[in-house]
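As structure tokens, the structure follows; a few thoughts come after it.
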Amino acid sequence: MFKFAVFNLFFAGTGYKASGFIRYAAEIETVSISYHSLITVIAVLICLALLTLVYINRNHQKRSKADEIFNEITLSRNPDKTWMLLKKHASETLSGMIDFINVSYSETIEGMLNRDIRTLQKINSTLDRQTGKQKKIQQRESQVLQRIDRNITLEKSTWLHLTNSCAEQMIYCVKRITVPCIEHTGDTPGYMERSAAEITATIDLLKSFMSRIKKAIETSDYSEYEQLFFMGTHISEEFSRLRLRLIDCLRKDVEKDLNSFNFYLHILQESEELVCILRLLFRASRKLQSDQRF
């Protein structure tokens, strides 16, 4: 109080009070602090803006590559050229889808064996997003069919629809594996561990099968069609054999937990179904790309 009174006497001659001076000094300090805080906020916002621009630019480049063929289709006024571009677009999208399914399936099996629920949840979300993208692709290609020769549309529309339907079914097939894997992450994969070598060998065959089909569709080279078709049959039979052997094992030992083993039966069944869908997609793609009339 004494010091405050002295300040008031000192500033009395100038018409100011010590309390006003103190408030003024506090305001200066506050403004200084606010100024530095404002600079920091602006710097952070600039960094975020730059990162956002880089992210948008990268995504735009990816979309531009994926949509480059479709942009040509949009500009084309020649029905024959439009049909050739549509076949190329279908080939690119299908090969990309098979590659996506191959990666998603592999990561799902690995995440299940490692009990990595975070990875499995991430894959599940990615599959949901891919489903929406596939529906848009199907709508786009269906619209393009109306701009090509009527006779070609009558012959090829069924095969185009079938390839898109198979692509969508592959997503659902992997999702039907991923969701139970998330639910059973805590279960001990005893059967999978005991039969790991045999199951892994069959899964590796499936991944190789997908890679070869992707390459054939991407290059429109169907010279190995018969060989790949029989390869798919062999892989399907291997999954079926593993599934039937597990069923026999459960029949002999009634004390085993059916819930866990039903989970493994489900994985084997869906893997076998994935092979069947791939074979059907490969057949439909071959007929779509062929110049022969079916």
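Readers should treat all values here as calculations from the given coordinates under stated rules, not as data from a laboratory. Quantities reported herein were computed from a predicted structural model and do not represent experimental measurements. In this analysis, Cβ positions are derived from the backbone assuming ideal geometry, glycine residues included, and neighbour counts consider all displayed protein chains.
Data for the structure
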| item | result |
| --- | --- |
| Burial ranking of peptide ranges 124-133, 231-240, 44-53 (average Cβ count within 10 Å, highest at the top) | 231-240, 124-133, 44-53 |
| Phi to ³J(HN,Hα) by Karplus 6.51 cos²θ - 1.76 cosθ + 1.60 over region 285-291, Hz, x for Gly, Pro | 5, 4, 6, 5, 7, 6, 8 |
| Length gained when the stretch residue 43-residue 245 is fully extended (0.36 nm per residue, less Cα-Cα span) | 66.4 nm |
| Entries of 122/287; 81/207; 87/136 with Cα pairs more than 28 Å apart | 122/287; 81/207 |
| Residue-span extension gain [residue 143 to residue 225] - 0.36 nm each, minus C-alpha spacing | 26.6 nm |
| Theoretical FRET efficiency, 1/(1+(r/R0)^6), r = Cβ-Cβ of residue 53 and residue 165, R0 41 Å, to 0.05 | 0.60 |
